[in-house]
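Here the structure comes first, spelled out in structure tokens, and everything after it is commentary.
Read-outs throughout are calculated quantities, based only on the coordinates presented, and are distinct from any laboratory measurement. Computed from a predicted structure; not experimentally measured. Note that each Cβ is placed from the backbone with ideal geometry, even for glycine, and that neighbours are counted across all protein chains shown.
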Amino acid sequence: MTGRTRDREVVAAAVIQGRRLLLAQRTRPPELAGLWELPGGKVEPGESPADAVHRELLEELGVEVTVGERIGADVPLRDGLVLRAYRAELIRGTPRALDHAALCWVDARELREIALVGNDRGWLPDLVTLLGG
Ligand code: DCP
């Protein structure tokens, strides 16, 4: 095959309300269990990243969102995956931990102190700025 296969994208959502960001606590795999992340997941074949954010938040949190601009830098993952963060705004429902151990809303100070998954840590400065912190 010639040329480079395009990376498959994993999307993550920064849901911000007022000066707080929604975080979700992972249950798996064991090395990530207990750590906090921006909720999201893999883009399915034929799906746009925005559609994937919408679907993942409906599946994982039971909410509907509108998807906004990208935040922060790309994070290369293993197996040709690339992780990208997008802003998302809640338009329907209250987030519930349907696929996570727990959810929490953090302000800028709490965000700096919470145990994030390693891949999401590079977004800290961008997220803190969005939170006015
Ligand atoms: N990931 C991450 N930070 C996030 C979201 C995801 O580092 N904010 C990583 C963890 C995994 C990969 O991206 O290595 C895929 O994430 P998920 O396992 O959450 O994605 P899916 O739910 O789509 O995967 P599966 O259906 O396989 O469980």
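Just for segment 92-133: of the residues that are of a type in the set (A, V, I, L, M, F, W, C) and touching an Asp or Glu at 6+ places or on another chain (Cβ under 9 Å), which one is farthest from the ligand (Cβ to nearest atom)? Spell out how you get there, then give the answer.
Filtering segment 92-133 for residues of a type in the set (A, V, I, L, M, F, W, C) gives 97-98, 101-106, 108, 111, 114-117, 123-124, 127-128, 130-131.
Add one more test, that the residue is touching an Asp or Glu at 6+ places or on another chain (Cβ under 9 Å), and what stays is 97-98, 104, 106, 116-117, 127, 131.
Numbers: 97: 13, 98: 12, 104: 14, 106: 14, 116: 9, 117: 5, 127: 11, 131: 17 Å.
The selected residue is 131.
Within segment 84-95, residues that are among the hydroxyl-bearing types (Ser, Thr, Tyr) have Cβ atoms under 8 Å from residues that are surrounded by fewer than 14 Cβ atoms within 10 Å (Cβ to Cβ) in these pairs: 86/69, counting only partners at least 6 apart in sequence or on another chain. Among residues of segment 106-122 being under 14 Å from the mean Cα position of the chain (by Cα) and loosely packed, with under 14 Cβ neighbours inside 10 Å, the one that is farthest from residue 31 (Cα to Cα) is 121. Here are some residues: 30, 39. Which one is within 15 Å of the ligand (Cβ to nearest atom), over 26 Å from residue 132 (Cβ atoms) and either free of Cβ contacts under 8 Å to residues at least 40 places away in the same chain or touching a strand residue (DSSP E or B) at 6+ places or on another chain (Cβ under 9 Å) (or both)? Unique residue meeting the criteria: 30.
Within segment 52-60, does at least one residue satisfy the condition of being farther than 14 Å from residue 11 by Cα and near the ligand (Cβ under 10 Å from one of its atoms)? Show your work before the answer.
Within segment 52-60, the subset farther than 14 Å from residue 11 by Cα is none.
No, there is no match, as no residue in segment 52-60 is farther than 14 Å from residue 11 by Cα and near the ligand (Cβ under 10 Å from one of its atoms).
Looking only at residues that are over 15 Å from the mean Cα position of the chain (by Cα) and among the small types (Gly, Ala, Ser) in segment 75-100, which one is farthest from residue 18 (Cα to Cα)? Filtering first and then ranking leaves 80.
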